[in-house]
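The values are calculated or read from the model by the stated rules, or taken from the named source; none is laboratory data. Note that this is a predicted model, so its numbers are computed, not measured. Cβ: placed from backbone, ideal geometry, glycine included. Neighbour counts: every protein chain shown.
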Amino acid sequence: EPEVTQTPSHQVTQMGQEVILRCVPISNHLYFYWYRQILGQKVEFLVSFYNNEISEKSEIFDDQFSVERPDGSNFTLKIRSTKLEDSAMYFCATQGGPGYGYTFGSGTRLTVV
Amino acid sequence: GDSVTQMEGPVTLSEEAFLTINCTYTATGYPSLFWYVQYPGEGLQLLLKATKADDKGSNKGFEATYRKETTSFHLEKGSVQVSDSAVYFCALWDPYTGTASKLTFGTGTRLQVTL
């Protein structure tokens, strides 16, 4: 069964540093998402991406965050200057089209110290 | 806006007990409803879904029925196993909120099954 692959699985970074989280979507999927889950809390939507641009973003997705598909395959989430409160599990998800099921990656656990 | 409300956990049951995890929703349009499961140390996996009123989703012995009149999608299983211990998330997808539409999740309910 096709999978969404996320790397790294764990990352520890110093406050103020930049991090890039990577996702390899399922090859024929067109819609891409990032969600995050702060420990013990609900899964929260960050951003959706379609046709090489952001479709929707939440209030969490401020100027510190950016997404891109740099090479047409990877889908990345960049946090420019990490804060302690950015510590969370970050999930990439992809979708073949509206109404199709989502496939989630196994997540990247980001710890900001 | 859209929202999902789930019963608080943790839920602790003995093996072979009956499970119900309540989920209610509010949505602008006619959403699709989902249950996702997160096993320890793993990502989110789709457990079951229903796309219209009165649909019943089922998988691995779990069931949930889309009840439009009560805006609910309660998860049930007749006989739980230790291997069902996980966090369960109710979620909705509202097709009327955009081209690439996000999932809205509940807070998750942790299930612990003991021998």
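Results, tabulated for the structure shown:
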{"quantity": "Test result for A:T5, surrounded by 13 or more Cβ atoms within 10 Å (Cβ to Cβ), more than 9 Å from chain B (Cβ to nearest Cβ), of a type in the set (S, T, N, Q) and under 14 Å from the mean Cα position of the chain (by Cα)", "calculated": "yes"}
{"quantity": "Flag if A:R22 is in contact (Cβ under 8 Å) with a residue 24 or more places away in the chain, in a strand (DSSP E or B), more than 17 Å from B:L46 (Cα to Cα) and of a type in the set (D, E, K, R)", "calculated": "yes"}
{"quantity": "Residue match in segment A:95-110 (condition: crowded, with 21+ Cβ neighbours inside 10 Å, farther than 18 Å from A:S48 by Cβ and touching a helix residue (DSSP H, G or I) at 6+ places or on another chain (Cβ under 7 Å))", "calculated": "yes"}
{"quantity": "Residue under evaluation B:A86, criteria (1) of a type in the set (A, V, I, L, M); (2) surrounded by fewer than 17 Cβ atoms within 10 Å (Cβ to Cβ); (3) farther than 20 Å from A:W34 by Cβ, criterion not met", "calculated": "(2)"}
{"quantity": "Number of positions in segment A:55-77 that are buried (at least 17 other Cβ atoms within 10 Å of the Cβ), in a strand (DSSP E or B) and free of Cβ contacts under 8 Å to residues at least 40 places away in the same chain", "calculated": "5"}
{"quantity": "Segment A:33-54, residues that are within 11 Å of chain B (Cβ to nearest Cβ), assigned to a loop (DSSP other than H, G, I, E, B) and closer than 30 Å to B:P40 by Cβ", "calculated": "A:G40, A:Q41, A:K42"}
{"quantity": "Flag if B:T114 is within 14 Å of chain A (Cβ to nearest Cβ) and either within 30 Å of A:R109 (Cα to Cα) or more than 15 Å from the chain's Cα centre (by Cα) (or both)", "calculated": "no"}
{"quantity": "Residue satisfying all of: in segment B:78-104; under 15 Å from the mean Cα position of the chain (by Cα) and more than 16 Å from B:A50 (Cβ to Cβ); modelled with the lowest pLDDT among these", "calculated": "B:V87"}
{"quantity": "Within segment B:59-77, considering residues that are more than 12 Å from the chain's Cα centre (by Cα) and not in a strand (DSSP E or B), the one nearest to the other protein chains (Cβ to nearest Cβ)", "calculated": "B:K60"}
{"quantity": "Positions within segment B:16-31 being within 14 Å of another protein chain (Cβ to nearest Cβ) and either crowded, with 21+ Cβ neighbours inside 10 Å or modelled with pLDDT of 95 or more (or both), in sequence order", "calculated": "B:C23, B:Y25, B:P31"}
{"quantity": "Candidate set from segment A:74-113 (those that are more than 16 Å from B:L46 (Cα to Cα) and touching a Pro at 6+ places or on another chain (Cβ under 8 Å)); member that is nearest to the other protein chains (Cβ to nearest Cβ)", "calculated": "A:P98"}
{"quantity": "Within segment B:13-31, considering residues that are of a type in the set (S, T, Y) and outside any strand (DSSP E or B), the one nearest to the chain's Cα centre (by Cα)", "calculated": "B:Y30"}
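Matching residues to (1) surrounded by 13 or more Cβ atoms within 10 Å (Cβ to Cβ); (2) farther than 27 Å from A:T5 by Cβ; (3) out of contact with any Lys or Arg (no Cβ under 9 Å at 6 or more places or on another chain); (4) more than 11 Å from chain A (Cβ to nearest Cβ):
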{"residue": "B:G9", "(1), (2), (3), (4)": "yes, yes, no, no"}
{"residue": "B:S14", "(1), (2), (3), (4)": "no, yes, yes, yes"}
{"residue": "B:W35", "(1), (2), (3), (4)": "yes, no, no, yes"}
{"residue": "B:Q38", "(1), (2), (3), (4)": "yes, no, yes, no"}
{"residue": "B:K49", "(1), (2), (3), (4)": "yes, no, yes, no"}
{"residue": "B:K56", "(1), (2), (3), (4)": "no, yes, yes, yes"}
